[in-house]
1. What pairs come up if the first residue lies in segment 129-144 and is in contact (Cβ under 8 Å) with a residue 24 or more places away in the chain and among the hydroxyl-bearing types (Ser, Thr, Tyr), the second is surrounded by 17 or more Cβ atoms within 10 Å (Cβ to Cβ) and assigned to a strand (DSSP E or B), and their beta carbons are under 6 Å apart, counting only those six or more places apart or on different chains?
2. Is it true that Gly171 is in contact (Cβ under 8 Å) with a residue 24 or more places away in the chain, surrounded by 18 or more Cβ atoms within 10 Å (Cβ to Cβ) and of a type in the set (Gly, Ala, Ser)?
3. Take segment 87-97 and flag every residue that is in contact with a helix residue (DSSP H, G or I) (Cβ under 9 Å, 6 or more places away or on another chain) and buried (at least 21 other Cβ atoms within 10 Å of the Cβ).
4. Could you say whether any residue in segment 44-51 is surrounded by 14 or more Cβ atoms within 10 Å (Cβ to Cβ), touching a Phe, Trp or Tyr at 6+ places or on another chain (Cβ under 9 Å), at negative phi and of a type in the set (S, T, N, Q)?
5. Sort out which residues of segment 97-111 are on the phi < 0 side of the Ramachandran plot and either outside the structural domain of Tyr144 (by TED's automatic domain parsing) or free of Cβ contacts under 8 Å to residues at least 60 places away in the same chain (or both), and write them in order of number.
6. Any residue in segment 92-102 that is of a type in the set (D, E, K, R), closer than 22 Å to Ala184 by Cα and out of contact with any strand residue (DSSP E or B) (no Cβ under 7 Å at 6 or more places or on another chain)?
7. Hand me the list of helices (runs of 4 or more DSSP H) wholly inside segment 58-154 holding 3 or more residues that are over 18 Å from Trp179 (Cβ atoms).
8. Any residue that is outside any strand (DSSP E or B), of a type outside the set (S, T, N, Q) and either at pLDDT 90 or above or surrounded by 11 or more Cβ atoms within 10 Å (Cβ to Cβ) (or both) - is there at least one of those in segment 7-28?
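The values are calculated or read from the model by the stated rules, or taken from the named source; none is laboratory data. Quick caveat, the model's predicted, so the values are computed rather than measured. A quick note on method: Cβ atoms are made from the backbone with ideal geometry, for glycine too, and the neighbour counts reach across all protein chains shown.
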Amino acid sequence: MASFGVRWGRGGLAVAGLAAALYVIPGCTAKPAGGLKSLAQGQMKSLVVDDTPSPAPTVPFADAAGKTHTLAEFKGKAVIVNLWATWCAPCVQEMPTLAKLAQTSAGQPVAIVPISLDSADDVANAESFIAKRPPLPFYSDVKYALPFGFKPSVATLPTTLLIDAAGNVRGRVAAGADWAGPDAKRVVETLEKTP
């Protein structure tokens with residue numbers, strides 16, 4: 001009879017352990033509480049999260065060699081799209097922090113995509129500006145069409161749009177921000193985990 005009690009006790013412990021594991025494991029893989037909305041603080045206080053994410057626009061833009069690209073090329077990664085121009089003082093001030101973010105996120109499923117909205121006459125100046133901020137790539141939209149592809153349209157510069165790995169726009173930060181700081185790091189890490 002004592003042996004039955006010991007076996008029952010061990011079996012009960014095994015069942016309790018399994019139940020505990022099943023309870024804890026989902027919590028380890030769950031999204032952070034509050035998601036992106038909870039991160040609208042500090043340097044990311046301007047973060048506005050889309051309640052109903054929309055697909056990233058298919059409007060083309062060009063690289064330094066003139067080759068055409070779309071945001072669809074970055075699917076599978078968290079994408080930080082920064083719309084900027086050399087004539088925009090907050091854009092110029094913010095760009096070194098985006099370069100730092102690109103450095104620290106190298107090798108991770110994150111793409112930092114700065115897209116200049118400078119006119120065709122100023123593309124060379126914008127390209128030179130980006131070349132001094134490695135490892136940022138140079139992209140441009142001289143037709144100023146991409147801002148109107150987002151819903152709602154982008155009205156101010158700089159504006160940074162947050163796109164998840166599935167290609168959906170999850171939020172935006174209008175006005176300059178420190179993309180090299182811990183607040184931005186939490187936003188990018190959360191975006192990486194967003195399905």
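1. As it stands, the answer is Tyr139/Phe61; Tyr139/Ile115; Ser140/Ala62; Ser140/Ser116, since those pairs meet every condition given.
2. Details: in contact (Cβ under 8 Å) with a residue 24 or more places away in the chain: yes; surrounded by 18 or more Cβ atoms within 10 Å (Cβ to Cβ): yes; of a type in the set (Gly, Ala, Ser): yes.
Yes: the conditions hold for Gly171.
3. Hit for segment 87-97 is Met95, nothing else.
4. no
5. Matches in segment 97-111: Ala99, Ala102, Gln103, Ala106, Ala111.
6. Our first condition is that a residue be of a type in the set (D, E, K, R); within segment 92-102, this holds for 94, 100.
Keeping just the survivors that are closer than 22 Å to Ala184 by Cα gives 94, 100.
Those still in the list that are out of contact with any strand residue (DSSP E or B) (no Cβ under 7 Å at 6 or more places or on another chain) too: 94, 100.
For segment 92-102, residues of a type in the set (D, E, K, R), closer than 22 Å to Ala184 by Cα and out of contact with any strand residue (DSSP E or B) (no Cβ under 7 Å at 6 or more places or on another chain): present.
7. On the way: elements: 89-104, 123-131, 146-149.
Per the criteria, 123-131, 146-149.
8. Quick first cut of segment 7-28, residues outside any strand (DSSP E or B) only: 7-28.
From the residues that got through so far, the ones that are of a type outside the set (S, T, N, Q) too are 7-28.
Going one step further and asking which of them are either at pLDDT 90 or above or surrounded by 11 or more Cβ atoms within 10 Å (Cβ to Cβ) (or both), we end up with none.
No.
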